[in-house]
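The values are calculated or read from the model by the stated rules, or taken from the named source; none is laboratory data. Just so we're clear, the structure is a prediction, and the values are computed from it rather than from any experiment. Glycine gets a Cβ as well: all are built from the backbone with ideal geometry, and neighbour counts include every protein chain shown.
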């Protein structure tokens, strides 16, 4: 019934002189994510047409759902602009769209070709009258239609479609600079990474693993989450940096007061992350903090963590409701992985009474109880990087390997 897909760029068209760079990146991502040798592409002004050439449209839509920067897309059919032809094709399409009697319906016509002899209202009126006389399941409702027949008349032909599929929106990943995501095995950080990519930031992931203090399954969760995120990244791959944190973790447990352990642990993580980010030309650090969700995510806790680094910290989920975060986690197929019962070093040793309003001078006092700088220097060259793809076969739990030796 449909032989091509219309792709709309949305906000990219408002980018002025830089628009072409954003559109070029969006088109590059479309070609990466739509894994088909059958389809062909046609650029036309501020739109992209994907000609299916016999390809299953669901294959193409699956790929488009992984492209940031797209506003929406529609399965369409291009035909001759002759009104009789439009009527016949519209009727054929509508008969397949009607799933029950009494569907609220309207026709919307856009006449982009102003040389066309009929106005948009005239086409709409004639077309609605034609299809209503030949179908039993439609009821006109111009205010709250359930089914909309869209007709766009352009110089090269008329386009007919009934549905708009919402795209990811945002901007093409890669156009907003580079960021390093503090990646745990929980629900929030993968969603934060996804939200950052939606806004055009190309991300890499950094995870602090503490085997044997924490289970290897905790690190495996992060690998599996990275696989899910890789499908949204340029080139369908994403870098995961594994930090051997056990030495620092043990020092914190031995020297820092119980109530301050999580706060100081996070300060150490951010010192390491900033150092690594600077070495690899990352511009920001990104995390999954949501204000007030846990003791370490109060405004006071965020402030004392911010104080140890100069690099900006982006918190995409800072004011997002937990249920909304869970909904996105499910949408990107991360939720079932995130809720596996294996905890990382930020959760497995949570004290009974963690400090919720830490003070900077108290943090400095706790950090003076041990010499952490040499430990950071010892950790940095041991950080291991894995390039993660959707189909990578990497099971850290096989053979009882630690992350350090497995990578």
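A few comments on the model shown:
- Test: residue in the stretch 353-360 that is within 23 Å of residue 379 (Cβ to Cβ), modelled with pLDDT of 90 or more and in a helix (DSSP H, G or I): no
Results for (1) assigned to a helix (DSSP H, G or I); (2) more than 19 Å from residue 336 (Cβ to Cβ), shown as yes or no for each residue.
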residue	(1), (2)
184	no, no
194	yes, no
206	no, yes
211	no, yes
214	no, yes
217	yes, no
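- Flag if residue 80 is over 30 Å from residue 328 (Cα atoms), touching a residue at least 40 places away in the same chain (Cβ under 8 Å) and surrounded by 13 or more Cβ atoms within 10 Å (Cβ to Cβ): no
- Hits in the stretch 1-32 - residues which are within 10 Å of residue 46 (Cα to Cα) and crowded, with 16+ Cβ neighbours inside 10 Å: 7, 8, 9, 10, 12, 23
- Each residue in the stretch 42-53 was checked for being modelled with pLDDT of 90 or more and more than 24 Å from the chain's Cα centre (by Cα), and 4 of them qualify.
- Residues of the stretch 183-237 satisfying the condition of being in contact with a strand residue (DSSP E or B) (Cβ under 7 Å, 6 or more places away or on another chain) and under 20 Å from residue 380 (Cβ atoms): 183, 204, 205, 206, 207, 208, 209, 219, 222
- Members of the stretch 263-285 that are crowded, with 20+ Cβ neighbours inside 10 Å and assigned to a loop (DSSP other than H, G, I, E, B): 282
- Residues within the stretch 303-337 that are surrounded by 15 or more Cβ atoms within 10 Å (Cβ to Cβ) and either at pLDDT below 90 or within 17 Å of the chain's Cα centre (by Cα) (or both), tallied: 14
- When 288, 292 are checked against the criterion of being surrounded by 18 or more Cβ atoms within 10 Å (Cβ to Cβ) and assigned to a loop (DSSP other than H, G, I, E, B), a single residue qualifies: 288.
- In the set (1) in a helix (DSSP H, G or I); (2) surrounded by 13 or more Cβ atoms within 10 Å (Cβ to Cβ), residue 142 fails one condition alone, (1).
- Segments classed as strands (runs of 3 or more DSSP E), wholly inside the stretch 41-121, with at least 3 members that are assigned by TED's automatic domain parsing to the domain that holds residue 159 and closer than 13 Å to residue 5 by Cβ: 47-51, 72-79
- All of (1) more than 30 Å from residue 109 (Cβ to Cβ); (2) out of contact with any strand residue (DSSP E or B) (no Cβ under 6 Å at 6 or more places or on another chain); (3) surrounded by fewer than 20 Cβ atoms within 10 Å (Cβ to Cβ) hold for residue 178 with one exception: (2).
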